[in-house]
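Below: the structure, in C-alpha cells.
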Ligand code: PAF
C-alpha cells in the first residue's frame, strides 16, 4: 500500500530519509488510466522510489472549463497505484498548495510556446501547468520526472522551463498509451457518450494519414492541415487546430527539418480531445 499524504509537511517528512536514493516523480491530476500506470512502471526502471501526485490544479483550467466536473477518484486511483507499487502519493487540497489563493500568486510562464495551438485555445492553461509543475518539483525534488507524450506541447513547455530555470531534474517522456482502436488514453475520455466513443478514434486515424503523406514526401503542410481539419469536421468533430510542426519547438517546419510532429485538438460533444504523432522523415 503506498503511503498517502495530503500535507506538504508530511510529504517532506517522508521524503527526508529517502534523500540520497534516486526518486522519480509522476505528476497527475488523478482519474488514473493505463497511460499513467505505464509512467509509474517506467519510473521504477529509473529510480528506487516513485512519488505520484494527484492534484486537480485549478490554475490550469479556464473559467468555462471542466475544473468542477473533472473526475476526482482518489480511492480507485490508490488501488490502481497499489498494483504498480507506488511508494508515496501526494494528494493535497488546493488550499494546501495555494494557501494564499490565486490573487498575487507567483506564477511561471514559458512565453511563445505557451501561446500556440492548445495555448491559443486555452489562454493561461500552460502558465497554470508550468506554475504547478515548478511548485511540485520544488517540493518533491526528484532526480527524474515523467510525462506522457500525449500532451506533447505540455512536455515541451516543461522541458523549456526546466532548462531555463536550471532545475536539477531529468525530464523523461513516455509514449502515448492507446486503446486498441487507437484512441489516446485520457482521463477526459470518460466524458464521451457511447456514440461519441465510437467516433473518437477518427482523430488518431486522421493524424496517421497526415503522417503517411509526410513520410511519402508531401511537404505542402498547409494542404495537409486543411485536409485533416476537413476530415475531422466531416466526421462530426469540431477541430480547434490541425498542425504539422517541428518536434523540437513546434515551429513551422522548413525543408531541412526531419523530426516533425502532427498535432490536433478537436471537440466531440462536450469533450476536447487532443492527440499527436511524431514523424521522422
Ligand atoms: O498532465 C497533467 O495531468 C497535468 O497537466 C499536470 C502535469 C499533472 C499538471 O497539473
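We did not get these values from a lab; they are worked out from the coordinates using the rules stated. If you're wondering where the values come from, they're calculated on a predicted model, not measured in any experiment.
Beta-bridge orientation, the chain: approximately 50 percent antiparallel, per DSSP, counting only bridges with both partners inside. Each part gets one Cα centre, and for region 159-200 versus region 94-158 those centres are 15 Å apart.
To the nearest whole percent, what portion of all C-alpha pairs in region 99-219 is separated by more than 25 angstrom?
Values: 2890 of 7260 pairs.
More than 25 Å apart: 40 percent of the Cα pairs in region 99-219.
When the helices of the chain are scored as -39500 (n - 2.57) per DSSP H run of n ≥ 4 and the total is divided over every residue, the value at 222 nm lands at -11000 deg cm²/dmol. Volume per residue for region 67-144 equals 152 cubic angstrom (convex hull of Cα atoms).
How large is Rg/Rh for region 11-73, to two decimals, with Cα atoms and a Kirkwood Rh?
The Rg/Rh ratio comes out at 1.07.
Among rounded, prolate and oblate, which fits region 1-41 when a ≥ b ≥ c are the square roots of the eigenvalues of its C-alpha gyration tensor, a/c under 1.5 means rounded, and a/b larger than b/c means prolate? Verdict is oblate for region 1-41.
Compute a Gaussian network model of the chain, connecting alpha carbons closer than 10 Å, and tell me which residue from 169, 215, 244 fluctuates the most. Fluctuation is largest for 215. Pair-distance distribution P(r) for the chain, from all Cα-Cα distances in 5 Å bins starting at 0: 1, 5, 12, 16, 18, 17, 13, 9, 5, 2, 1, 0 percent. Angle of helix 74-84 to the longest C-alpha principal axis of the chain, folded into 0 to 90 degrees and rounded to 10: 90°. Springs join every pair of Cα atoms under 10 Å in this Gaussian network model of the chain, and among 256, 225, 65 the largest mean-square fluctuation is at 256. Give the separation of the Cα centroids, region 19-64 to region 203-273, in Å. One Cα centre to the other: 28 Å.
What's log10 of I(q)/I(0) for region 112-177 at q = 0.12, 0.22, 0.28 Å⁻¹, Debye sum over Cα points only, no solvent? Summing over Cα pairs of region 112-177 leads to -0.29, -0.95, -1.32.
The Cα atoms of region 173-281 cover 43, 31, 21 Å along the three principal axes, with the biggest extent listed first. Looking at region 125-281 alone, DSSP beta bridges between its own residues are antiparallel in about 80 percent of cases.
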